[in-house]
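Notes follow the structure.
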Amino acid sequence: MVIGDEGQLAQLFQNLLTNAMKFRGAGVPRIHISATPEGTKWKFMVRDNGIGISPEHQDRIFVIFQRLHTKTQYPGTGIGLAISKKW
């Protein structure tokens, strides 16, 4: 059982899956979602075969409205991962 706000959990997974689909490479998108128990909590992981994030940008992408690409390259507002990190 996962205790949390259903709407926020749904939004979290929607943001992560949308990004996995949006920032995919040239091949067929592959997304793997897993959950493993860690004591009394659960650890969820979302992994994909997308374009990736350079180490120097990994902190920046979680800041609201910070984008690594132009809106013509990849549409969006730049708030999805910032909201996901907040939760």
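Under 5 Å between amide hydrogens, which residues at least 5 positions from Ile51 or on another chain qualify, with H placed 1.01 Å from N in the peptide plane?
Arg24, Gly25
Determine the shape class of the range 18-66: with a ≥ b ≥ c the square roots of the Cα gyration tensor eigenvalues, call it rounded for a/c under 1.5, and otherwise prolate if a/b is greater than b/c, oblate otherwise.
Values: a/c = 2.56, a/b = 1.30, b/c = 1.97.
Cα axes put the range 18-66 in the oblate bin.
Every number in this text was worked out from the coordinates using simple rules, so none of it is lab data. On a predicted model such as this, the values are computed, not experimentally measured, just so you know.
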